[in-house]
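Data first, discussion second: the structure below is written as structure tokens.
FYI, it's all coordinate maths here, none of it is from the lab. Keep in mind the model is a prediction, meaning the values are calculated, not measured. FYI the Cβ positions are ideal-geometry reconstructions off the backbone, even for glycines, and counts take in every protein chain you see.
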Amino acid sequence: MPSTKPIRIVGAGSVSRAEFDRDTARITVATTQPGVIGRAALAVRASLTPADVSDGPRRALAADRLAALAARTVGCGVLIAVGADVATAGAAPAGGWRIRISDGSTQPAATRIGSGGLATVRSAEAGAAWRSVTVAAKSCRLAMAAATAAASRGQDALEWIASLGFAARLVGSEGDVEFAGAWPRQMAAA
């Protein structure tokens, strides 16, 4: 049964944003046309299942699927975040989609992507080289797969991610931040 929790419209202007909670995940829907945000959010909420928010790979797949659904429903650019897993569909706003990254570093960050997906994986392993790995790729599903694999690769993760043609932001165990590939423009998190 779809969630009956309220949808909160929290943004307006050239890009509108709506949020609602489903089980343990915050779902964010953004559109490039403000007048359709409610319709997009309702379509996403109606199509979301409990399995969609159960784990990283399922969240990533759901983000891709729901972004495509919402873009078809409202006919404009859409960004969907299922927790921290982000997917886009349709035309991005001028300058790209602004995405805040919460990856366990002491300095929150934000970036912009024009299309595709972004996923962050955090490591709980003692002695792991990376506290978190955030990957930008052609889809959220690909970003999640690459981030998951890179998190366990140690220092060669930087070169490995770049060899795939993806871009990444990796936070080391001591909080140091490194980049792989052509990471999208970094900006201050506001």
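Once backbone amide H atoms are built at 1.01 Å from N, ARG26 has GLY83 as its partners under 5 Å, excluding neighbours fewer than 5 places away on the same chain.
Just want to confirm a number: the relative contact order over the chain, from Cα pairs under 8 angstrom separated by 6+ residues, in percent.
Dividing the mean separation by the residue count of the chain yields 15 percent.
Each of the trypsin sites (Lys or Arg not before Pro) that DSSP puts in a loop and that has at most 14 other Cβ atoms within 10 Å breaks the chain; the longest unbroken stretch is 1-137.
Starting from a Cα-only point model with no solvent, please compute log10 I(q)/I(0) by Debye for the chain at q = 0.09, 0.15, 0.20 1/Å. Cα-only, vacuum Debye calculation for the chain: -0.30, -0.83, -1.34. Compared with the dominant principal axis of the Cα atoms in the chain, helix 140-151 is inclined by about 20°.
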